[in-house]
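Note sheet for the following structure.
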Amino acid sequence: MSEEFLPFSRPSISRAAIEEVVACLESGWITTGPRVAQFTESLQAYLSAPYILPLASATAGLHLALLALDLKPGDEVITTPLTFAATLNTIILAGGKPVLVDIDPYTFNMDLNQVADAITEKTRVIMPVHFAGLPVDMDMLYALAETFDIRVLEDAAHAIGTVYKNRRIGSFGDTQVFSFHPNKNITTGEGGCIATTDAELAKKISLLRFHGIDREAWNRYGKSGNQDYEVVLPGFKYNMMDIQAALGLHQLQELENFIARRTELAERYQEALIDWPQWQLPSKPGFSHRHAWHLYTPLINEQAAQMSRDEFMQKMKERNIGTGLHYRAAHLYPYYREQFGFNPGDFPYAESAGERIVSLPLFPGMTDAQHDRVLDVMYSIFRE
Ligand SMILES: *Cc1c(COP(=O)(O)O)cnc(C)c1O
């Protein structure tokens, strides 16, 4: 009990990143400016994406990407119930209706085999989540999109650094949204970005991102060379600041190292826990990929553990170890139930995962000794 609290996640911020933030603050330019431009280029290089739009958050990115897709009232967006509220909320805020498809019980990703049945003439977008950093089957996803002529917006909040068949998520396909929240694989404090291959969509998002202000339009009308602009639509205030980009520039340089350490730790859990009847471990799909290990999320077997997930989390907390809950099944939250008529039993695998899933401590700065401590404490909890 004397040991200090171990959080389930903690960002690793280098001295160089801190100095970059200080340099930014001292430079006199702290909002969107040269460092955001530099971060944009770095992301472009890392993701080999034609268009990159840094933003205040991934939630802002999902919101703007969906708005830019021009959903009409009643338009349907297919997504997963095992996700963060932002996924469903932004669909609703953009005027769409979330349509859910259950998860695959082994990978925790949306079960793409069930998507065709959920498609109607109102379906406009498929919006999968690469859960915990494990890619969905991209060949299958894009085959569905092509067959039914619908757009794809990947909620890639967990997936910076995820690779599908030798290609990074964000380097191909339609449109992806990444998060740089402090719990995610790289952080800018708050922040996120959109990657897209669609030039028109990128243009629209860049207007929506900052008040609908168009400097090019002003220049087109022959008044170039000054700071003036036109307002061409009512936009939001979703831009990223240079202070954030200062962090992001250094985080991105370290991403590969971060993922290497996350992978070691995740594999260490897999090896240590494989014979424990108290756990059902995450499993890998057959296609070639690199998991980004944003989260390590086994399911508790309540019978063998003789406790619920919530009891387990409580006991860990009493022993100074933090765990996370990603996620309870979204369709059971009151707002979505009331608005869209979801009921318990609608998506049984997501519900079962939602009751049993735990995020164990996993972050690049975690030591082997801390990892051993998590295993020891879990062992003692289950032995009681
Ligand atoms: C974190 C997260 C978001 C939101 O990201 P923010 O940058 O915090 O807005 C959206 N979807 C999923 C699946 C997430 O995990």
- Query: Cross-link partners among aspartates and glutamates for residue 204, C-alpha distance below 20 Å, same-chain residues fewer than 8 apart left out?
  - Reply: 41, 70, 75, 154, 155, 174, 214, 216, 228, 230
- Of the listed peptides 312-321, 270-279, what is their order by residue-averaged count of other C-beta atoms within 10 Å, with the highest listed first? 312-321, 270-279
- Note on the structure: Simple spin-label estimate for residue 227/residue 255, 7 Å along Cα→Cβ, in nm, reads 3.3
- Just need log10 I(q)/I(0) for the stretch 291-354 at q = 0.18, 0.19, 0.21, 0.29 Å⁻¹, Debye formula, equal scatterers on the alpha-carbon atoms, no solvent, rounded to two decimals. -0.82, -0.88, -0.97, -1.20
- Item | For the stretch 255-284 versus the stretch 1-75, the gap between their alpha-carbon centres in whole angstrom | 27
- Expressed in nanometres to one decimal, the distance between label points 7 Å along Cα→Cβ at residue 199 and residue 380 is 6.3
- Message: What lysines does residue 165 reach when the alpha-carbon gap must be under 23 Å and sequence neighbours fewer than 8 apart in one chain are set aside?
- Response: 184, 284
- Message: In Å and on Cα atoms, what radius of gyration and Dmax does the chain show?
- Response: 21.5, 78
- Over the chain, what is the percentage of antiparallel beta bridges among all DSSP beta bridges, to the nearest 5? 60
- Task: On the protein heavy atoms, probe 1.4 angstrom, tell me the percent of accessible surface of the stretch 278-384 carried by carbon and sulfur.
- Result: 46
- Query: Over the chain, what is the mean sequence separation of C-alpha contacts under 8 Å (at least six apart), divided by residue count, expressed as relative contact order in percent?
  - Reply: 23
- Query: Looking only at Cα atoms, what is the convex hull volume of the stretch 242-285 per residue, in Å³?
  - Reply: 107
- Considering only protein heavy atoms, what is the solvent-accessible area of residue 290 at a probe of 1.4 Å, reported in Å² to the nearest 10? 70
- Task: Largest first and to the nearest Å, give the Cα extent of the stretch 255-383 along each principal axis.
- Result: 47, 37, 25
- Item | Extreme residue, positive dipole direction of the chain, given options 159, 341, 375 (C-beta unit charges) | 159
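Find, to one decimal place in angstroms, the Kirkwood hydrodynamic radius of the stretch 135-264, where the mean of 1/r is taken over every pair of different Cα atoms and then inverted. Could the numbers behind the result be given before it?
Working: mean 1/r = 0.0591 Å⁻¹.
Result for the stretch 135-264, one decimal place: 16.9 Å.
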- Out of 63, 142, 112, whose Cα points farthest toward the positive end of the dipole of the stretch 15-253 (charges: +1 Lys, Arg; -1 Asp, Glu; placed on Cβ)? 63
- Please name which of 131, 180, 307 has its Cα lying farthest along the dipole of the chain towards the positive end, using unit charges on Cβ (Lys, Arg +1; Asp, Glu -1) and the Cα centre as origin. 180
- Query: Where the only charges are on Cβ atoms (+1 Lys, Arg; -1 Asp, Glu), what is the dipole of the chain about its Cα centre, to the nearest 20 debye?
  - Reply: 580
- Springs between alpha-carbon atoms under 10 Å, Gaussian network over the chain: tell me which of 239, 185, 257 tops the mean-square fluctuations. 257
- Message: Taking the Cα centre as origin and putting +1 on Lys and Arg beta-carbons and -1 on Asp and Glu beta-carbons, what dipole magnitude results for the stretch 146-201, to the nearest 20 debye?
- Response: 380
- Could you order 25, 332, 47 so the one with the most accessible surface comes first? Probe is 1.4 Å. 25, 332, 47
- Query: If each of residue 337 and residue 308 carries a label point 7 Å out from its Cα toward its Cβ, how far apart are those two points in nm?
  - Reply: 1.4
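Rolling a 1.4 angstrom probe over the protein heavy atoms, how many square angstrom per residue are accessible across the stretch 255-383?
Accessible area per residue, the stretch 255-383: 46 Å².
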- Task: Using a 1.4 angstrom probe, figure out how much accessible area the stretch 15-253 has per residue, in square angstrom, rounded to the nearest whole.
- Result: 40
- Note on the structure: Checking 123, 147, 197 against a Gaussian network model of the chain (alpha-carbon springs below 10 Å), the top fluctuating residue turns out to be 147
- So, with +1 on the Cβ of K and R and -1 on the Cβ of D and E, and no other charges, what is the size of the charge dipole of the stretch 1-83 about its Cα centre, to the nearest 20 debye? 80
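The values are calculated or read from the model by the stated rules, or taken from the named source; none is laboratory data. From a predicted model like this one, the values you see are computed outputs, not experimental measurements. Every residue, glycine among them, receives a Cβ derived from its backbone with ideal geometry; neighbour counts consider all protein chains shown. Remember, those area values only see protein heavy atoms, side chains included, never the ligands or the DNA or RNA. Shrake-Rupley method; radii C 1.70, N 1.55, O 1.52, S 1.80 Å.
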